[in-house]
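Peer 1: My structure is below; once you've seen it, I'll send some questions.
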Amino acid sequence: MKAVVYKGKGEVVLEDRPMPQIQKDTDVVVKVTLSSICSSDLHIKHGAVPRAKENTVLGHEFVGIITEAGAGVKKFKVGDRVSVNVETFCGECYFCKRGYVNNCVHGGWELGCRIDGGQAEYARIPMADQALTLIPEDVTDEAALFNGDILATGYWAAQVAGLKPADTVVVLGAGPTGMCTLMSIQLYSPAKVIVVDISDERLQLAKAQGLADVILNPKHSNVEEEVLKLTEGRGADRVFEVAGTMDTFEMAWKVARPNAIVVVVALYEEAVSIPLHLMYGKNLTFITGGVDANSCDDIMTMVQSGKIDTSCLITHKRPLNDIMEGYRIFENKLDGVIKWVITPYER
């Protein structure tokens, strides 16, 4: 089969790989019907994910059809359409029982990082009963595609922030994960949502989708001053840092009011410092990722009911044959790309 493989820092290739096989009775094999390129794939390519293993098939955001199932799989069967969770977890360890599935002692973020993932024609999914979500008949593959990763991330971020209806919220970053965070924040009906990005195009999309009340581009305005004006000089009640740069991390704590909560959703490629001497007295609470993707069934219900609609994120859809072009466009943010969706390889 064809698959996208991480060869080492700076090198990702499309090559032939052996078909995946059942290794444990809790495994399934999935025929991938849709997958995507994620910013985390770029972090791996750049050598910024120390736990990533070379010669691993990339991809951790995908849907497909089960073609084989181990004897120990109880919740799913051959022929089921499923979305795949970004995290592999047992459901039984100390962390899993408390919902901290990202820290499962037997897993965590494995697919497309330490074990072969879904930018391929087929993928083996370990611990399948925990790792899959059944796609209802009336939900398309496109609608379910982001369920297990960026949508799970945005949903988790909104959950842990302790959002209240009277809150003013700032979201830094209107990329794919930022948009999913915005969609999840809307479930809590905050009073005002301010979105910050350097792309006017992405800001306008957030506004057009009803996900933002105010949009700010730091190229054109002083974000800190504008947020203070909008909050009677206090700052935001909740801040979501989804962009992942040193500048946006600094902006996050600066636009937060005293005693606010700052949720750090982004994955950084380099170290950032917390200048405690400058923020002394603000009494901020920082909540950091990665995501505990423990609500995928609930998210699928939200998608099925129409309360969450991610269709606006899909800007490009091309077969696996064109994946290297996809990486070039996605990495360089060309052609108005938000999400590059990969359809099956065409022979």
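Peer 1: Enter the angle in degrees (range 0 to 90, nearest 10) between the Cα long axis of helix 296-305 and the first principal axis of the Cα atoms of the chain, meaning the one along which they spread out most.
Peer 2: It is inclined by approximately 80 degrees.
Peer 1: Tell me, what ³J(HN,Hα) does each residue in the stretch 98-114 have, in order and in whole Hz, if you take phi through Karplus 6.51 cos²θ - 1.76 cosθ + 1.60 with θ = phi - 60° and put x for Gly and Pro?
Peer 2: 9, x, 8, 5, 4, 9, 3, 5, 9, x, x, 6, 10, 4, x, 10, 10
Peer 1: Leaving ligands, DNA and RNA out of it, work out the accessible area of residue 25 with a 1.4 Å probe and give it in Å² to the nearest 10.
Peer 2: 90
Peer 1: Follow-up question, since we're still on this one. Of the peptides 194-201, 116-123, 316-323, how do they stack up when ordered by the mean number of other Cβ atoms within 10 Å, highest first?
Peer 2: The peptides rank, most packed first, as 116-123, 194-201, 316-323.
Peer 1: Residue 264's amide H: which non-local residues (gap 5+, or another chain) put their own amide H closer than 5 Å, with H modeled 1.01 Å from N in plane and none for Pro or chain starts?
Peer 2: 241, 287, 288, 289
Peer 1: Ignoring any ligand, DNA or RNA, what whole percent of the accessible area of the chain comes from carbon and sulfur when the probe is 1.4 angstrom?
Peer 2: 48
Peer 1: While we're on this one: Taking square-rooted eigenvalues a ≥ b ≥ c of the alpha carbon gyration tensor, is the stretch 34-113 rounded, prolate or oblate, where a/c under 1.5 means rounded and, failing that, a/b exceeding b/c means prolate?
Peer 2: It is oblate, given that a/c is not under 1.5 and a/b is not larger than b/c.
Peer 1: Order 274, 342, 287, 65 by their accessible area, 1.4 angstrom probe, all chains in place, largest first.
Peer 2: Per-residue accessible area, sorted high to low, gives 274, 65, 287, 342.
Peer 1: Counting only DSSP beta bridges with both residues in the chain, what percent are antiparallel, rounded to the nearest 5?
Peer 2: Restricted to the chain, the bridges split so that about 55 percent are antiparallel.
Peer 1: Just the Kirkwood number for the stretch 255-347, please: inverse of mean 1/r across all distinct Cα pairs, in Å, one decimal.
Peer 2: 17.4
Peer 1: Would you give the gap between the C-alpha center of the stretch 177-212 and the C-alpha center of the stretch 315-340, rounded to a whole Å?
Peer 2: If you average the Cα positions of each part, the centres end up 22 Å apart.
Peer 1: Would you indicate which of (1) 19.8, 62; (2) 21.7, 73; (3) 21.7, 66 is the value of Rg and Dmax of the Cα atoms in Å derived from the coordinates of this structure?
Peer 2: Comparing each candidate, only (1) matches the computed number.
Peer 1: Loop only by DSSP, 14 or fewer other Cβ within 10 Å of the Cβ. Give me the chymotrypsin sites (Phe, Trp or Tyr not before Pro) in the stretch 216-300 that pass, ordered by residue number.
Peer 2: 280
Peer 1: Could you work out the local net charge near residue 310, counting Lys and Arg as +1, Asp and Glu as -1, over the other residues with Cβ closer than 13 Å to its Cβ?
Peer 2: Here the charged neighbours net out to -3.
Peer 1: Right, something else. Could you please state, rounded to a whole Å, how far the C-alpha centre of the stretch 1-79 is from the C-alpha centre of the stretch 257-286?
Peer 2: 34
Peer 1: Under the rule a/c < 1.5 gives rounded, and otherwise a/b versus b/c splits prolate from oblate, where does the stretch 1-144 land using the Cα gyration tensor?
Peer 2: Oblate.
Peer 1: Ordering 92, 87 by how much accessible area each has at a 1.4 Å probe, largest first, what is the list?
Peer 2: 92, 87
Peer 1: Roughly how many debye, to the nearest 20, is the charge dipole of the chain about its Cα centre, given +1 on each Lys and Arg Cβ, -1 on each Asp and Glu Cβ, and no other charges?
Peer 2: In total the dipole reaches around 420 debye.
Peer 1: OK, next. Residue by residue through the stretch 185-192, which ³J(HN,Hα) values in whole Hz follow from phi under the Karplus form 6.51 cos²θ - 1.76 cosθ + 1.60 (θ = phi - 60°), with glycine and proline marked x?
Peer 2: Taking θ as phi minus 60°, the curve returns 4, 4, 5, 9, 6, x, 5, 8 Hz for the stretch 185-192.
Peer 1: Taking amide H atoms as placed 1.01 Å from N in the peptide plane, list the residues 5 or more away in sequence, or in a different chain, whose amide H sits under 5 Å from that of residue 33.
Peer 2: Under 5 Å from the amide H of residue 33: 63, 64, 65.
Peer 1: Once you have a ≥ b ≥ c as the square roots of the Cα gyration tensor eigenvalues for the stretch 135-222, tell me rounded if a/c is under 1.5, and otherwise prolate or oblate according to whether a/b is larger than b/c.
Peer 2: oblate
Peer 1: What's the whole-number percent of alpha carbon pairs in the stretch 170-215 lying beyond 11 angstrom?
Peer 2: The proportion of pairs with Cα distances above 11 Å equals 58 percent.
Peer 1: Just to confirm, what accessible area per residue do you get for the chain at 1.4 Å probe, in whole Å²?
Peer 2: Each residue of the chain exposes 43 Å² on average to a 1.4 Å probe.
Peer 1: For q values of 0.19 Å⁻¹, compute log₁₀ I(q)/I(0) with the Debye formula on a Cα-only model of the stretch 35-78, without solvent.
Peer 2: Evaluating at q = 0.19 Å⁻¹ gives log10 I(q)/I(0) of -0.72.
Peer 1: Go through the stretch 64-80 residue by residue and turn each phi into a ³J(HN,Hα) via Karplus (6.51, -1.76, 1.60, θ = phi - 60°); whole Hz please, and just put x for glycine and proline.
Peer 2: x, 10, 5, 10, 9, 9, x, 5, x, 7, 9, 8, 9, 9, 4, x, 5
Peer 1: Below 13 angstrom from the Cβ of residue 111, what's the summed charge of the other residues (Lys, Arg +1; Asp, Glu -1)?
Peer 2: -3
Peer 1: Still on this model: From Cα pairs below 8 angstrom and at least 6 apart in sequence, can you work out the relative contact order of the stretch 111-191, rounded to a whole percent?
Peer 2: 26
Peer 1: Quick one: compute the contact order of the chain, relative version, from alpha carbon pairs under 8 angstrom and 6+ residues apart, as a percent.
Peer 2: Dividing the mean separation by the residue count of the chain yields 17 percent.
Peer 1: Now, a different point. If Lys and Arg each add +1 and Asp and Glu each add -1, what is the summed charge of the other residues whose beta carbon sits under 12 Å from the beta carbon of residue 193?
Peer 2: That works out to 0.
The values are calculated or read from the model by the stated rules, or taken from the named source; none is laboratory data. These figures come from a predicted structure and were not determined experimentally. Using ideal geometry, Cβ is built from the backbone for each residue, glycine included, and neighbour counts are taken over all protein chains shown. Ligands, DNA and RNA are excluded from the accessible area calculation, which covers all protein heavy atoms including side chains. Shrake-Rupley method; radii C 1.70, N 1.55, O 1.52, S 1.80 Å.
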